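Below is one structure; the comments refer to it alone.
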Amino acid sequence: MTAATPSIPAAGWASRLRRPARAGAVLLVGVLVVVALLPLDPTTTDLGQRFAGPSAEHPLGTDHLGRDMLARLAVAARISVGFTLVALALCAAIGTLLGTLGGWVGGALGQSIQRLVDVLVAVPAVLVGLVVIAASEDGAPGPGPLLIAIVAVGWTPFARLTHQLVARERSRDYVMGATAIGAGPLRIATRHVLPNLTRPLLSHLCLRFANTLLTVAGLSFLGLGPQPPTPEWGAMLAESRQFLFVAPQLALLPGLAVVGTALLVTLLGRALERRWATGPTGQF
């Protein structure tokens with residue numbers, strides 16, 4: 001007779017999944033802090049070192065111009081992740097404000113905001129970026145048009161979620177109690193309702209990070225972001241296309257950086273969702 005394999009409860013699997021998310025989040029933060037502090041030069045060229053392999057001088061090798069790949073990836077992380085965080089913060093602020101306004105006031109204003117969200121959800125960020133560049137004075141791509149393109153459509157998921165949450169919270173007992181004692185709508189919304197939405201909004205923020213990072217990299221890949229020689233993960237992928245069969249690592253490294261960062265932050269968002277869904281006794 002063979003011994004039966006002990007089954008692992010669902011809660012045990014959930015606990016095991018949370019630990020990698022926490023470790024990955026700590027690792028990501030540590031890497032970004034180190035990268036932000038390192039004195040790196042990603043633009044120095046050395047044509048005698050083109051496509052050099054890993055070495056003590058160049059741990060990840062060099063690109064087609066002899067530039068250090070580690071330095072370029074690290075500086076690109078500052079730009080890609082930093083730009084994503086700024087864009088995400090603006091999207092969250094605008095979306096939360098409009099979603100709260102629409103969910104709290106309701107009526108024609110709430111319906112108008114919902115219809116605007118429905119329209120903008122169908123508009124691709126790349127189209128907005130092209131329109132912004134065409135309307136600018138110099139007609140040149142760069143961080144400004146890229147930020148406008150992302151924020152112009154990126155606030156809609158936050159507005160939709162906040163609208164639903166605020167509309168649900170309006171019927172809670174604590175809102176009725178605050179209204180009964182004479183608290184004004186603005187005070188109730190800002191002092192009572194919004195603090196109760198912090199957890200779902202923070203977890204949604206982590207989940208939207210991956211989408212925003214991929215949008216930033218995608219638009220930069222198409223040439224709408226920072227221009228050479230400034231390193232950025234999407235722009236580095238675009239540069240490496242013509243060398244795929246000569247030096248595939250030039251595309252593999254920035255691609256792994258984008259996917260790995262997006263995956264780690266998404267795991268963090270999922271872990272936060274599970275922890276807050278289980279209440280104070282949940283583990284992360």
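If we keep just the residues of region 207-238 that are in contact (Cβ under 8 Å) with a residue 60 or more places away in the chain and surrounded by fewer than 20 Cβ atoms within 10 Å (Cβ to Cβ), which is farthest from the chain's Cα centre (by Cα)?
Within region 207-238, the match that is farthest from the chain's Cα centre (by Cα) is Pro229.
Restricting to region 40-99, give me the number of residues that are touching a strand residue (DSSP E or B) at 6+ places or on another chain (Cβ under 6 Å) and of a type in the set (Gly, Ala, Ser).
1
Can you tell me which condition Thr212 does not meet? The list is (1) among the β-branched types (Val, Ile, Thr); (2) over 30 Å from Ala134 (Cβ atoms); (3) at pLDDT 90 or above, and all the others hold.
(2)
If only one of Leu85, Leu60, Leu27 is of a type outside the set (S, T, N, Q), in contact with a Leu (Cβ under 8 Å, 6 or more places away or on another chain) and at pLDDT 80 or above, which one is it? Full working, then the answer.
Numbers: Leu85 fails: in contact with a Leu (Cβ under 8 Å, 6 or more places away or on another chain); Leu27 fails: at pLDDT 80 or above.
Of the residues listed, the single one that is of a type outside the set (S, T, N, Q), in contact with a Leu (Cβ under 8 Å, 6 or more places away or on another chain) and at pLDDT 80 or above is Leu60.
Going by what's in this entry, would Gly48 be described as surrounded by fewer than 16 Cβ atoms within 10 Å (Cβ to Cβ) and either more than 13 Å from Ala159 (Cα to Cα) or within 22 Å of the chain's Cα centre (by Cα) (or both)?
Values: surrounded by fewer than 16 Cβ atoms within 10 Å (Cβ to Cβ): yes; either more than 13 Å from Ala159 (Cα to Cα) or within 22 Å of the chain's Cα centre (by Cα) (or both): yes.
Yes, satisfied.
Here's a check for you: in region 156-195, which residue that is among the basic types (Lys, Arg) and not in a helix (DSSP H, G or I) is modelled with the highest pLDDT? First the steps, then the outcome.
Step one: filter region 156-195 for residues among the basic types (Lys, Arg), giving 160, 168, 170, 172, 187, 191.
From what's left, not in a helix (DSSP H, G or I): 170, 172.
Working: Arg170: 77, Arg172: 74.
Within region 156-195, the match that is modelled with the highest pLDDT is Arg170.
Name every residue in region 239-263 that is surrounded by 14 or more Cβ atoms within 10 Å (Cβ to Cβ) and within 19 Å of Thr45 (Cβ to Cβ), in order of residue number.
Glu239, Ser240, Phe243, Ala247, Gln249, Leu250, Leu253, Pro254
Can you tell me which residue within region 184-196, out of those that are touching a helix residue (DSSP H, G or I) at 6+ places or on another chain (Cβ under 8 Å), without any contact (Cβ under 8 Å) to a residue 60 or more places away in the chain and not basic (Lys, Arg), is nearest to Gly154 (Cα to Cα)?
Narrowing region 184-196 to residues touching a helix residue (DSSP H, G or I) at 6+ places or on another chain (Cβ under 8 Å): 185, 187-189, 192-194, 196.
This time we only want the ones that are without any contact (Cβ under 8 Å) to a residue 60 or more places away in the chain, so: 187-188, 192, 196.
After this cut, where a residue has to be not basic (Lys, Arg) as well, the list is 188, 192, 196.
Working: Ile188: 27, His192: 26, Asn196: 23 Å.
So, considering only residues that are touching a helix residue (DSSP H, G or I) at 6+ places or on another chain (Cβ under 8 Å), without any contact (Cβ under 8 Å) to a residue 60 or more places away in the chain and not basic (Lys, Arg), the one nearest to Gly154 (Cα to Cα) is Asn196.
Pull up region 214-252, narrow it to residues that are of a type outside the set (Gly, Ala, Ser) and in contact with an Asp or Glu (Cβ under 6 Å, 6 or more places away or on another chain), then point me to the one that is nearest to Leu263 (Cα to Cα). I'd like the intermediate steps shown before the answer.
Our first condition is that a residue be of a type outside the set (Gly, Ala, Ser); within region 214-252, this holds for 214-216, 219, 221-222, 224, 226-233, 236-237, 239, 241-246, 248-250, 252.
Narrowing the set further to residues that are in contact with an Asp or Glu (Cβ under 6 Å, 6 or more places away or on another chain) leaves 226, 250.
Values: Pro226: 24, Leu250: 21 Å.
The selected residue is Leu250.
Of the residues in region 91-113, how many are surrounded by fewer than 17 Cβ atoms within 10 Å (Cβ to Cβ) and within 25 Å of the chain's Cα centre (by Cα)? Even if it seems obvious, please write down each step before you answer.
Restricting attention to region 91-113, the residues satisfying the condition of being surrounded by fewer than 17 Cβ atoms within 10 Å (Cβ to Cβ) are 93, 97, 105-109, 111-112.
Remaining after also requiring within 25 Å of the chain's Cα centre (by Cα): 93, 97.
Adding up the residues that qualify gives 2.
The values are calculated or read from the model by the stated rules, or taken from the named source; none is laboratory data. Computed from a predicted structure; not experimentally measured. No Cβ is skipped: glycine too gets one built from the backbone with ideal geometry, and neighbour counts run over all protein chains shown.
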